[in-house]
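> This is the structure I want to talk about, given as structure tokens.
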Amino acid sequence: MAAAEGGGSGRVGTSAGGGGAESLKDKGNEQFKAGNYLKAAALYTQAIKQDPNNPTLYSNRAAAFLQLVKLSKALADAETTIKLNPQWEKGYFRKGCILEAMEQYDDALVAFQTALEYNSQSTEVARKIKRISQLVRDKKRAEVVEKMRSNVDMARHLDKLKSEMSGKRGSEECWEEMFSFLVETMESAVKSWHETSKVEARVYFLLDKEETDTEKYAPAVNIDKAFESPHTHGSCFSFLRQYAEDSFSKAACLVTPKSIMSYPQVWKGQGSRKWKHGQHDGFFVQFETPFLRKLWFISSSIELGQTLCRDPEDLDISAHELIPRLFKQSDS
């Protein structure tokens, strides 16, 4: 039996065969070319009944089923095509196209590579391999990005800080509470950025459960106007320092997007103040306690259409501080 060469997912093959089956196949091909895939599949089925060992008929019906999105039936016909003629690249090509439609890209790639082994001159198969290879890479990268977006673990990035805090603070309960407060604040900011591509400019306060008048003092203060000018910046800082003292706060965490900051533009400067973190969008986190101050920049990028926060970058707070020290300094 002679089989036709080449042909993509949108073309059907021809072969020498029995008169009745051949006539039905030709009619099926006409219906396929006219876009009448259901009629084409029915005609190929009639032809198969008359010539059940003809791989071209199964290949053609697989193409029709693919167009009808009857993928399980299409895949079964592609497998039968391969079984009847294991050295004909068309069966593997059909299988690859169907697996591609099923988004089973790794298996599709294997099928197309096998097709290329039997017809190394096929530019159509080569194009498919190039496309599917890119889809496989994109899929794997998308899985990595989604994992990074969903598994936000700031404690892992701040492990060094945890050791530093334990060495500076006598009460383990106190510094652990501060550390948990920082981690929760940063993780909430990252999750907000992932979901909305923004964070609100706020200062979060770790209030004293026993001392703070919670009816008067809230755990967060909006500071969206703080960075408009030197005047608003100075006024806001004075308010925040007094707020921290009057509310008996143990620690504070300032979060603000870079995009709203007109003053101070801490990413501009020379010498020790020279910015080393590119032009990326993102947000700052400044952590204030009586015994320790820290500053981070969390940059953002778009990966495969998804917003992704990068790891926090430790900044020299003496060179890039967003606001001056909030708490009176203490070494213990």
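> To the nearest 10 degrees, how steeply does helix 71-84 sit against the main Cα axis of the chain, on a 0 to 90 scale?
The angle comes out near 50 degrees.
> Can you list the residues, at least 5 places off or on another chain, whose amide H is less than 5 Å from the amide H of residue 295, using H built in the peptide plane?
Result for residue 295 returns 287, 315, 317.
> Same structure, new question: Projected area of region 24-148, taken from the Cα convex hull and averaged over every viewing direction, in nm²?
The directionally averaged projection comes out at 8.0 nm².
> When the Karplus curve 6.51 cos²θ - 1.76 cosθ + 1.60 is applied with θ = phi - 60°, which whole-Hz ³J(HN,Hα) does each residue of region 88-103 get, with x for Gly and Pro?
Running phi through 6.51 cos²θ - 1.76 cosθ + 1.60 with θ = phi - 60° gives 9, 5, 4, x, 5, 5, 4, 4, x, 5, 5, 5, 4, 5, 7, 6 Hz.
> Using Cα pairs closer than 8 Å and at least 6 residues apart in sequence, work out the relative contact order for region 24-148, in percent.
15 percent
> To continue, here is another question. For residue 155, project a label point 7 Å along Cα to C-beta. Then give me every residue of region 186-227 with its amide nitrogen under 18 Å of that point.
The answer is 186-191, whose backbone nitrogens lie closer than 18 Å to the label point.
> Next question, about the same structure. At a Förster distance of 30 Å, what's the computed FRET efficiency of residue 281 paired with residue 246, Cβ-Cβ distance as r, to 0.05?
Efficiency at R0 = 30 Å is approximately 0.30.
> Using Cα atoms only, what is the angle between the long axis of helix 123-150 and the major principal axis of the chain, expressed in degrees (0 to 90) to the nearest 10?
For helix 123-150, the angle is close to 30 degrees.
> How much area per residue is accessible in the chain when the probe is 1.4 Å and only protein heavy atoms are counted (Å²)?
52 Å²
> Pairing the Cα long axis of helix 172-196 with the longest principal axis of the chain, what angle in degrees results, from 0 to 90 and rounded to the nearest 10?
With both axes taken from Cα atoms, the answer is about 40 degrees.
> Moving to a separate point now. Does anything in region 78-122 have its amide N under 11 Å from the 7 Å Cα→Cβ label point of residue 140, and if so which residues?
106
> Still on this model: Please report, as a whole percent, how much of the solvent-accessible surface of the chain comes from carbon and sulfur atoms (probe radius 1.4 Å).
47 percent
> Where does each of 152, 144 land when they are ordered by accessible area, with a 1.4 Å probe and the largest first?
Ranking 152, 144 by accessible area, largest first, yields 144, 152.
> Here are several values of semi-axes √(5λ) of the Cα gyration tensor in Å: (1) 32, 23, 18; (2) 28, 27, 18; (3) 69, 18, 17. Which one was derived from the coordinates shown?
Of the labelled values, this structure produces (3).
> Report, in listed order, any pair from 191/258; 27/128; 95/130; 33/73 with a Cα-Cα distance greater than 22 Å.
Too far apart for the 22 Å limit: 27/128.
> Report the GluC sites (Glu not before Pro) located in region 201-239 that are in a DSSP loop and have at most 11 other Cβ atoms inside 10 Å of their Cβ, or state none.
210, 211, 215
> Determine Rg/Rh for region 155-315; Rg is computed over alpha-carbon atoms and Rh is the Kirkwood hydrodynamic estimate from the same atoms.
That ratio equals 0.96.
> Between region 55-98 and region 174-221, what's the alpha-carbon centroid distance in Å?
Between the Cα centre of region 55-98 and that of region 174-221, the gap is 59 Å.
> Does region 197-244 come out rounded, prolate or oblate, given a ≥ b ≥ c as the square roots of the eigenvalues of its C-alpha gyration tensor, rounded meaning a/c under 1.5 and, failing that, prolate meaning a/b above b/c?
Oblate.
The values are calculated or read from the model by the stated rules, or taken from the named source; none is laboratory data. Here the structure is a predicted model, which means the values were calculated and not measured. All Cβ positions, glycine included, derive from the backbone under ideal geometry; neighbour counts span all protein chains shown. Heavy atoms of the whole protein, side chains included, go into the accessibility calculation; ligands, DNA and RNA do not. Shrake-Rupley method; radii C 1.70, N 1.55, O 1.52, S 1.80 Å.
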